[in-house]
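For reference, the structure discussed in these notes is given below.
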Amino acid sequence: EVQLVESGGGLVQPGGSLRLSCVVSGFTFSSHEMNWVRQAPGKGLEWVSYISSSGDTIYYADSVKGRFTISRDNAKNSLYLQMNSLRAEDTAVYYCARETVIMVRGVTPGACDIWGQGTMVIVSS
Amino acid sequence: DIQMTQSPSSVSASVGDRVTITCRASQGISNWLAWYQQKPGKAPKLLIYAASSLQSGVPLRFSGSGSGTDFTLTISSLQPEDFATYYCQQTNSFPRVFGPGTKVDIK
């Protein structure tokens, strides 16, 4: 069964740090690009970060650039999000999401076909 | 950055109705658009990728169309399990922005 399981969320004070993990199973992790997407309570989806299958290409949303770091360990089938200098506005459910490898006109379309269940991060004093 | 808008923000419909949701990009994104369905307390589910390609396992009543800046998601005959919030996402470039969502609820 294809599965993504996030962990590491919790309550943290403003300015603090957390490291989220996403352990995958049921597919070849090293073949897939991965993303983190978050959703603040009662709000819409916000794309946070992307990492290529090899880890050599990374992008961030402006809202987290310089504070969050995405990484992966293909040998451990794991994706990570190191979150530093946390702010109240970072409070959200954080999802890891796998990009599909289906090709469209010779390229992958960038859509996320498998999602984890999410882990809640609360930034509050 | 590309901005995404959706309309309407919410729609009330009955089982069996045809529902159309529109998504607009602030600049051309070719056909690099995905649609997701999300139910309360659950992770999003991919419905459509590359504007019109149906994800495996998704019912045929869902369809997508469009290219450039204007896109639509159509549910041909709304079923009870389709009441949810729908998001578009541009996948043409980074940042991979989502639309604000369209909530489909029961009339």
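Annotations
- Inside the range A:71-116, residues that are more than 27 Å from residue B:55 (Cβ to Cβ) and either touching an Asp or Glu at 6+ places or on another chain (Cβ under 7 Å) or of a type in the set (A, V, I, L, M, F, W, C) (or both) make up a count of 4.
- Some residue of the range A:44-55 being loosely packed, with under 15 Cβ neighbours inside 10 Å, away from every other protein chain (no Cβ under 12 Å) and either over 19 Å from residue A:3 (Cβ atoms) or modelled with pLDDT of 95 or more (or both): yes
- Whichever residue in the range B:55-65 is in contact with a Ser or Thr (Cβ under 6 Å, 6 or more places away or on another chain) and under 16 Å from residue B:23 (Cα atoms) and, among such residues, is nearest to the other protein chains (Cβ to nearest Cβ): B:64
- The residues of the range B:3-35 that are in a strand (DSSP E or B), touching a Ser or Thr at 6+ places or on another chain (Cβ under 8 Å), over 18 Å from residue A:45 (Cα atoms) and open to solvent by less than 50 Å² (accessible area, probe 1.4 Å), listed by number, are B:11, B:19.
- Test: residue A:97 is touching a Pro at 6+ places or on another chain (Cβ under 9 Å), under 30 Å from residue B:102 (Cβ atoms) and either surrounded by 13 or more Cβ atoms within 10 Å (Cβ to Cβ) or away from every other protein chain (no Cβ under 11 Å) (or both): yes
- Close pairs (7 angstrom Cβ cut-off, 6 or more residues apart or separate chains): within 14 Å of residue A:82 (Cβ to Cβ) and of a type in the set (Val, Ile, Thr) in the range A:1-24, open to solvent by 20 Å² or more (accessible area, probe 1.4 Å) and at pLDDT 95 or above anywhere: A:12/A:18
Yes/no per residue for (1) modelled with pLDDT of 95 or more; (2) surrounded by fewer than 22 Cβ atoms within 10 Å (Cβ to Cβ); (3) within 13 Å of chain A (Cβ to nearest Cβ); (4) under 22 Å from residue A:44 (Cα atoms):
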position	(1), (2), (3), (4)
B:53	yes, yes, yes, no
B:67	yes, yes, yes, no
B:72	yes, yes, no, yes
B:85	yes, yes, yes, yes
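- Positions within the range B:38-50 being within 17 Å of residue A:104 (Cβ to Cβ) and more than 9 Å from every other protein chain (Cβ to nearest Cβ), in sequence order: B:47
- Residue within the range A:20-39 that is of a type in the set (S, T, N, Q), modelled with pLDDT under 95 and surrounded by 19 or more Cβ atoms within 10 Å (Cβ to Cβ) present: no
- Sole exception among (1) part of a loop (DSSP other than H, G, I, E, B); (2) closer than 27 Å to residue B:51 by Cβ for residue A:46, by number: (1)
- Positions within the range B:5-37 being closer than 30 Å to residue A:107 by Cβ and touching an Asp or Glu at 6+ places or on another chain (Cβ under 6 Å), in sequence order: B:24
- Reported count of residues in the range A:1-16, each being open to solvent by 60 Å² or more (accessible area, probe 1.4 Å), outside any strand (DSSP E or B) and out of contact with any Gly (no Cβ under 8 Å at 6 or more places or on another chain), is 2.
- Evaluation of residue A:69 against (1) open to solvent by less than 60 Å² (accessible area, probe 1.4 Å); (2) within 11 Å of the chain's Cα centre (by Cα); (3) farther than 13 Å from residue A:115 by Cα (one fails), failing number: (1)
The values are calculated or read from the model by the stated rules, or taken from the named source; none is laboratory data. Predicted, not measured: the structure shown is a model, and the values here were computed from it. With ideal geometry, Cβ positions are generated from the backbone for all residues, glycine too; neighbour counts draw on all protein chains shown. Note: accessible area is taken over every heavy atom of the protein model, side chains too, but ligands, DNA and RNA are not part of it. Shrake-Rupley method; radii C 1.70, N 1.55, O 1.52, S 1.80 Å.
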